[in-house]
1. Out of K31, K5, K51, which single residue is of a type in the set (K, R) and surrounded by 15 or more Cβ atoms within 10 Å (Cβ to Cβ)?
2. Output the number of residues of region 63-99 satisfying the condition of being of a type in the set (K, R) and within 18 Å of T53 (Cβ to Cβ).
3. In the list K114, K96, which residue meets the criterion of being surrounded by 10 or more Cβ atoms within 10 Å (Cβ to Cβ), assigned to a loop (DSSP other than H, G, I, E, B), over 10 Å from the mean Cα position of the chain (by Cα) and basic (K, R)?
4. If you take the residues of region 33-71 that are among the charged types (D, E, K, R), within 11 Å of the chain's Cα centre (by Cα) and part of a helix (DSSP H, G or I), which of them is farthest from S8 (Cα to Cα)?
5. Select from region 2-32 the residues that are among the small types (G, A, S) and modelled with pLDDT of 90 or more and write down the one among them that is farthest from the chain's Cα centre (by Cα).
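The values are calculated or read from the model by the stated rules, or taken from the named source; none is laboratory data. As the structure is a prediction and not an experimental result, all values here were calculated from the model. Every residue, glycine as well, gets a Cβ built from its backbone with ideal geometry; the counts of neighbours run over all protein chains shown.
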Amino acid sequence: MGHGKALSEQEHWFIVGLHCRGVSLHEIARKTGRSRTSVRNAFKAERGDRKKTALVRAAATGEFFTAELKTKLGIKASVRTIQRVLQSVDHLVYTKTDRTLPLTAAHKVARILKPGKLVI
């Protein structure tokens, strides 16, 4: 959709190298003669989907709510965005968690011996 030529492999790695050295986005664009958008896309693609992979792995355990995943992994996206990402993963299935506490043996005995109810 862009108007210029695609980045060559050499240009791509040159941009990534400059970015790793801490050169600003504007300065890299000026040195390479490319737009700031193409420079940003070059090193953005280099980062990959590490956060998404970590999110899916943590969610697959089934131990955390979405809000807990957000704080645990330090994700800046909203809870709804995280839910949307997890919904797009094929091997995860949403199940509503049961937030009630399990009955202990003492609770069960108290329910059976409750006055006014005859349990046979």
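1. Details: K31 fails: surrounded by 15 or more Cβ atoms within 10 Å (Cβ to Cβ); K5 fails: surrounded by 15 or more Cβ atoms within 10 Å (Cβ to Cβ).
It is K51.
2. Of the residues in region 63-99, 4 are of a type in the set (K, R) and within 18 Å of T53 (Cβ to Cβ).
3. Of the residues listed, the single one that is surrounded by 10 or more Cβ atoms within 10 Å (Cβ to Cβ), assigned to a loop (DSSP other than H, G, I, E, B), over 10 Å from the mean Cα position of the chain (by Cα) and basic (K, R) is K114.
4. K70
5. Step by step, filter region 2-32, then rank; the result is A29.
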